[in-house]
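The values are calculated or read from the model by the stated rules, or taken from the named source; none is laboratory data. Remember, it's a predicted structure, so these values are computed and weren't measured experimentally. All Cβ positions, even for glycine, are placed from backbone atoms using ideal geometry, and neighbour counts span all protein chains on display.
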Amino acid sequence: MRVITGTARGRRLKELPGLETRPTTDKVKESMFNIIQFDIEGRTVLDLFSGTGQLGIEALSRGAERCTFVDLRKDAVAVIRENLAHCRMEERATVIQGDSLAFLSGCRERFDLVFLDPPYRTGLLEKALETIAKIDIVTGNGIIVCESPAESVLPEGTAPYEKGREYRYGKIKITLYRRTV
């Protein structure tokens, strides 16, 4: 697992041991960032269900202004901090250990770009989308990027959020939601 491009290009990121965390493959990550490449620079990012932090770190490497990382696991938060230090991005990041849905419920900040990549088949993705729509933490024209199994059917979205295109990469699907102004 590595940073694909930007200021930290080529840096290898530390991974979590075991099968509890499923890192996004480099191929899917590269495709995902090609889709949103013009919506990253200068933006505020939320990497919910962060795992190793690779999606937020990639966004920072590509010019995002700052990123908030949230993960429940203590060992994941430690790896995120190590990866941020290795890429020299600590000053542009906030790392929070805690429940992602609880974080959303208490969130008072707005984000331009949100990554949702929870453990598959747990219902957390749908709950996170519902909570985001309810508290409306995405800025106008902001984007939510969701990673899920290819066979999953995600909701259409609740105004002002609209479900956009879906992209399939083997067993993985990337779905975009946009907040209309």
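Okay, here's what the table says:
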| item | result |
| --- | --- |
| Failed criterion for THR7 (all others in (1) of a type outside the set (Asp, Glu); (2) modelled with pLDDT of 90 or more; (3) surrounded by 15 or more Cβ atoms within 10 Å (Cβ to Cβ); (4) part of a loop (DSSP other than H, G, I, E, B) hold) | (3) |
| Residue selected from segment 113-128 under the condition surrounded by fewer than 18 Cβ atoms within 10 Å (Cβ to Cβ) and charged (D, E, K, R), by the criterion modelled with the lowest pLDDT | ARG121 |
| Unmet requirement for CYS67, which otherwise passes all of (1) of a type outside the set (Phe, Trp, Tyr); (2) under 12 Å from the mean Cα position of the chain (by Cα); (3) over 22 Å from MET1 (Cβ atoms) | (3) |
| Cβ pairs under 9 Å, 6+ apart, first in segment 159-173 and of a type in the set (Val, Ile, Thr), second assigned to a strand (DSSP E or B) and exposed (fewer than 15 other Cβ atoms within 10 Å of the Cβ) | ILE172/PRO149 |
| Positions within segment 104-137 being under 13 Å from the mean Cα position of the chain (by Cα) and β-branched (Val, Ile, Thr), in sequence order | VAL114 |
| Residue count, segment 94-112 (criterion: surrounded by 12 or more Cβ atoms within 10 Å (Cβ to Cβ) and in a helix (DSSP H, G or I)) | 5 |
